[in-house]
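Here is the structure we will look at.
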């Protein structure tokens, strides 16, 4: 961060002061900067503005100082958002591709219906994290969190990966309904999860060596963003929660 | 053997004197009712669903179908349907799935409302001679206009919200690719483009081959968020958030894995063969405030260029809910009555949950007017609109426009057999089986749907002309042009109409 960046200082770097700004003009300023070729946009004094980077496309990096409101990066396709602060609910909602890194905690429904890209949360998230994430072909959404999660993590999950790195066993709040209605994708939790916390249709299994190898790059990425020691995380034990069936409701109905 | 087999629903008979053994019934029936053996057509009536494909294809009118050829002992309480549902559930222990709309014989309010016509004092208008204004704009209307006059020109200073311009108040509702075939969607898309109206995509994404019609398509965002990305949102002429559906209010939807073929998987953006599960609620909407957030997120994503509609099922409290929606920045509210169709719904929901669209539209319109916010949203009525008279009546009860669904499918050949959930629709509509889909020729089917819209539009303008009304806006909410015929007083109070003769 250097203070000499003004709007015109460097062509591909833009700085916006969001003090007292409504979200629509803020997003308009962001879109205008992207249209003019900005590669990095630093936004100061964000205080609850919703929908930042909503539907934003392109190869641009947003550095957000403050606390964005709900739906950060909703429908976003491509950009990166680095948040120096906490987030309100549903960052990464129905996100298509790109990256969100949150240096703090986030509210409920983080990565709701996310379709691709990655969301990294340094600390904890609220209820229904990763609900109904889904994958298709090369698009596989990934949610990584460093702290606790509340009930219904990965509910209705249809694809993708949730990796919960919270330190076991004392700190993470393991709550009921993990993977309830899950019919695709995987939830990997550091330490162990009591069976009583599993939702309907979710089943627990140990990780194979290959599966562990698969999460190592994500652990390293997490450690890099948040300056954590990857070795402690890499060496610990993990458990995964997968669907017991890809058709959880197939046996519920009979034809008239 | 405790229960044994229940009687056949339909009995097929073949007139062997007429039959010329052409085998078209065999070829056309995807339910394997017919077989040609030893120089004779044999039938298995138990497999018949009364889709009438064989009847339509038989060149000699040699086939006959009789419904319920075996009588149960008659009983007004323990009907055939009640008894058979119990046998089914006693065997399976499961929820009964059914197709199409509400199948209970509830009285239809539309059929107890009559329209007005001019006699002597107020001459009727001849639509052949006089212009009839059926053009309808859907979206927010400003409560007042700020203007400035400059050099004789009037400049509007108020910023206007985007509206959809319809040449007729008849649109075709959301039936997804997956629920219906691509040929069926393409037929509807061509028809609405030609007629200057709109159709809904349903929650199944937008197939690439329909991009040429995108200016006439309302893209849907439902709780499963299938097929939703920024490209999809930007292509639609408007965006519709589906909260609920008249055929199954309060519950989500499941597109069974067998219907998720390569192409369906592509537009929904889910793997082939996986169940597409739409949860009951949107998990980012647990309140009116959250709904406002979703409406605004969609507007923000599309830079406030597109109207956003919110569709709810008609339920007891629709009026208060719609008043909340009208304050959420939404541009239109769709009210889907309990007669709305569906590919598959639990029978108990289809038949018992929700209220008729006539009552819901009237009460929503009244509530919005009483709060002075009727201009904030347009009202779209759907669910059980069967003919142009229903369109006229529901507009007189307060709607701006209608969505039709089943009627458009019937225009493409659907016989309302209600077996959509089997995925074997012999008319190529509610199926993804390539040989069956190929039976529906979009060239012809789009003309049929277009003809239906055209015919209803003509009838609507005739009805309006007869009532001395030359603009759809003068019909909207004009309850004075309706009378209730043998409706009880409480219903007439809800509808705000007077009885015949009054």
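For the structure I just gave you, tell me whether residue A:69 is in contact with a strand residue (DSSP E or B) (Cβ under 8 Å, 6 or more places away or on another chain), in a loop (DSSP other than H, G, I, E, B), over 19 Å from residue A:224 (Cα atoms) and modelled with pLDDT of 95 or more. If you could, list the steps in order and put the result at the bottom.
Details: in contact with a strand residue (DSSP E or B) (Cβ under 8 Å, 6 or more places away or on another chain): no; in a loop (DSSP other than H, G, I, E, B): yes; over 19 Å from residue A:224 (Cα atoms): yes; modelled with pLDDT of 95 or more: yes.
When the stated conditions are applied, residue A:69 does not pass them.
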- Task: For residue B:122, state whether it is part of a loop (DSSP other than H, G, I, E, B), within 30 Å of residue B:168 (Cα to Cα) and within 14 Å of chain A (Cβ to nearest Cβ).
- Result: no
- Selection over the range B:247-260 where residues are at the interface with another protein chain (Cβ under 8 Å from one of its Cβ atoms) and on the phi > 0 side of the Ramachandran plot yields a count of 0
- Which of the residues spanning the range B:10-48 are touching a strand residue (DSSP E or B) at 6+ places or on another chain (Cβ under 7 Å) and either part of a strand (DSSP E or B) or not assigned by TED's automatic domain parsing to the domain that holds residue B:86 (or both)? B:10, B:11, B:12, B:13, B:14, B:34, B:35, B:41, B:42, B:43
- Which of (1) at positive phi; (2) without any contact (Cβ under 8 Å) to a residue 24 or more places away in the chain; (3) buried (at least 22 other Cβ atoms within 10 Å of the Cβ) does residue A:68 not meet, given it meets every other one? (1)
- Within the range B:272-309, how many residues are at pLDDT 80 or above, part of a loop (DSSP other than H, G, I, E, B) and farther than 16 Å from residue B:201 by Cβ? 13
- Query: Any idea which residue in the range A:97-115 is farthest from residue A:147 (Cα to Cα), counting only those that are surrounded by fewer than 24 Cβ atoms within 10 Å (Cβ to Cβ) and within 14 Å of chain B (Cβ to nearest Cβ)?
  - Reply: A:97
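Name every residue in the range B:144-177 that is assigned to a loop (DSSP other than H, G, I, E, B) and modelled with pLDDT under 90, in order of residue number. Break it down stepwise before answering.
Pass one, the range B:144-177, residues assigned to a loop (DSSP other than H, G, I, E, B): B:144-146, B:151-152, B:157-163, B:167-169, B:175-176.
Of everything in the range B:144-177, those that are assigned to a loop (DSSP other than H, G, I, E, B) and modelled with pLDDT under 90 turn out to be B:151, B:152.
Residues checked against (1) within 20 Å of residue A:123 (Cα to Cα); (2) part of a helix (DSSP H, G or I); (3) within 14 Å of another protein chain (Cβ to nearest Cβ); (4) modelled with pLDDT of 90 or more:
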{"position": "A:161", "(1), (2), (3), (4)": "yes, no, no, yes"}
{"position": "A:168", "(1), (2), (3), (4)": "yes, no, no, no"}
{"position": "A:172", "(1), (2), (3), (4)": "yes, no, no, no"}
{"position": "A:185", "(1), (2), (3), (4)": "no, no, yes, yes"}
{"position": "A:215", "(1), (2), (3), (4)": "yes, yes, no, yes"}
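Give me the residue from the range B:261-271 that is in a loop (DSSP other than H, G, I, E, B) and either free of Cβ contacts under 8 Å to residues at least 24 places away in the same chain or more than 11 Å from chain A (Cβ to nearest Cβ) (or both) and, out of that set, farthest from residue B:329 (Cα to Cα). Explain how you work it out, then say what you get.
As a first pass, look at the range B:261-271 and keep what is in a loop (DSSP other than H, G, I, E, B): B:261, B:269-271.
When the remaining residues are screened for being either free of Cβ contacts under 8 Å to residues at least 24 places away in the same chain or more than 11 Å from chain A (Cβ to nearest Cβ) (or both), the result is B:261, B:271.
Numbers: B:261: 37, B:271: 35 Å.
Selected residue: B:261.
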- Message: Within the range B:362-438, considering only helices (runs of 4 or more DSSP H) that don't extend past its boundaries, which have at least 1 residues that are under 20 Å from residue B:495 (Cβ atoms) and under 13 Å from the mean Cα position of the chain (by Cα)?
- Response: B:388-396
- Note on the structure: Of B:330, B:322, B:313, the only residue that is away from chain A (no Cβ under 14 Å), under 14 Å from the mean Cα position of the chain (by Cα) and in contact (Cβ under 8 Å) with a residue 40 or more places away in the chain is B:313
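Can you tell me which residue within the range B:89-111, out of those that are outside any loop (DSSP other than H, G, I, E, B) and over 14 Å from residue B:386 (Cα atoms), is farthest from the other protein chains (Cβ to nearest Cβ)? Give the derivation first.
Of the residues in the range B:89-111, the ones outside any loop (DSSP other than H, G, I, E, B) are B:89-92, B:95-98, B:109-111.
Those left that are additionally over 14 Å from residue B:386 (Cα atoms): B:89-92, B:95-98.
On the way: B:89: 7, B:90: 11, B:91: 8, B:92: 4, B:95: 5, B:96: 5, B:97: 5, B:98: 4 Å.
Out of the qualifying residues, it is B:90.
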- Message: For the structure I just gave you, tell me whether residue B:69 is closer than 19 Å to residue B:419 by Cα, in contact (Cβ under 8 Å) with a residue 60 or more places away in the chain and touching a strand residue (DSSP E or B) at 6+ places or on another chain (Cβ under 6 Å).
- Response: no
- Query: Condition test on residue B:51, is it outside any loop (DSSP other than H, G, I, E, B), buried (at least 18 other Cβ atoms within 10 Å of the Cβ), outside the structural domain of residue B:418 (by TED's automatic domain parsing) and under 31 Å from the mean Cα position of the chain (by Cα)?
  - Reply: no
- Message: Given the condition away from chain A (no Cβ under 14 Å), under 30 Å from residue B:18 (Cβ atoms) and surrounded by 15 or more Cβ atoms within 10 Å (Cβ to Cβ), answer yes or no: does some residue in the range B:63-74 qualify?
- Response: yes
- Message: Testing residue B:28 on (1) over 29 Å from residue B:104 (Cα atoms); (2) surrounded by fewer than 14 Cβ atoms within 10 Å (Cβ to Cβ); (3) in contact (Cβ under 8 Å) with a residue 24 or more places away in the chain, one condition comes back false. Which one is that?
- Response: (2)
- Message: Of the conditions (1) within 14 Å of chain A (Cβ to nearest Cβ); (2) in a strand (DSSP E or B); (3) touching a residue at least 40 places away in the same chain (Cβ under 8 Å), residue B:204 satisfies every one except a single condition; which number is it?
- Response: (2)
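Inspect the range B:221-231 for any residue being within 20 Å of residue B:270 (Cβ to Cβ) and surrounded by fewer than 18 Cβ atoms within 10 Å (Cβ to Cβ) and give the result as yes or no. So that I can check it myself, show each step before the final result.
Initial filter on the range B:221-231 (within 20 Å of residue B:270 (Cβ to Cβ)): B:221-231.
With the extra rule that they be surrounded by fewer than 18 Cβ atoms within 10 Å (Cβ to Cβ), the set shrinks to B:231.
Looking for residues that are within 20 Å of residue B:270 (Cβ to Cβ) and surrounded by fewer than 18 Cβ atoms within 10 Å (Cβ to Cβ), one finds at least one in the range B:221-231, hence yes.
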- Task: Could you please give the count of residues in the range B:298-307 that are under 22 Å from residue B:245 (Cα atoms) and within 13 Å of chain A (Cβ to nearest Cβ)?
- Result: 1
- Being in a loop (DSSP other than H, G, I, E, B) and either within 11 Å of chain A (Cβ to nearest Cβ) or free of Cβ contacts under 8 Å to residues at least 60 places away in the same chain (or both), is that true of even one residue in the range B:228-246? yes
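Mind checking which residues of the range B:125-143 are surrounded by 15 or more Cβ atoms within 10 Å (Cβ to Cβ) and assigned to a strand (DSSP E or B)? First the steps, then the outcome.
Residues of the range B:125-143 surrounded by 15 or more Cβ atoms within 10 Å (Cβ to Cβ): B:125, B:127, B:132, B:134, B:136-141.
Of everything in the range B:125-143, those that are surrounded by 15 or more Cβ atoms within 10 Å (Cβ to Cβ) and assigned to a strand (DSSP E or B) turn out to be B:136, B:137, B:138.
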- Filter the range A:43-65 for residues that are surrounded by fewer than 24 Cβ atoms within 10 Å (Cβ to Cβ), in a loop (DSSP other than H, G, I, E, B) and within 14 Å of another protein chain (Cβ to nearest Cβ) and give the result. A:48, A:50, A:58
- Give the residue that is farthest from residue A:220 (Cα to Cα), with candidates limited to residues of the range A:134-153 that are away from chain B (no Cβ under 14 Å) and buried (at least 22 other Cβ atoms within 10 Å of the Cβ). A:149
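Filter the range A:217-248 down to residues that are free of Cβ contacts under 8 Å to residues at least 40 places away in the same chain and either in contact with a helix residue (DSSP H, G or I) (Cβ under 6 Å, 6 or more places away or on another chain) or in a loop (DSSP other than H, G, I, E, B) (or both) and give me whichever is nearest to the other protein chains (Cβ to nearest Cβ). Steps first, please.
The first filter runs over the range A:217-248 and keeps only residues free of Cβ contacts under 8 Å to residues at least 40 places away in the same chain, leaving A:217, A:220, A:223-224, A:227, A:229-232, A:234-235.
Then drop every residue that is not either in contact with a helix residue (DSSP H, G or I) (Cβ under 6 Å, 6 or more places away or on another chain) or in a loop (DSSP other than H, G, I, E, B) (or both), which leaves A:220, A:223, A:227, A:229-230, A:234.
Details: A:220: 28, A:223: 30, A:227: 32, A:229: 35, A:230: 32, A:234: 30 Å.
In this case the residue turns out to be A:220.
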- Item | Check on residue B:189, surrounded by 24 or more Cβ atoms within 10 Å (Cβ to Cβ) and in the same structural domain as residue B:300 (by TED's automatic domain parsing) | yes
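The values are calculated or read from the model by the stated rules, or taken from the named source; none is laboratory data. If you're wondering where the values come from, they're calculated on a predicted model, not measured in any experiment. FYI the Cβ positions are ideal-geometry reconstructions off the backbone, even for glycines, and counts take in every protein chain you see.
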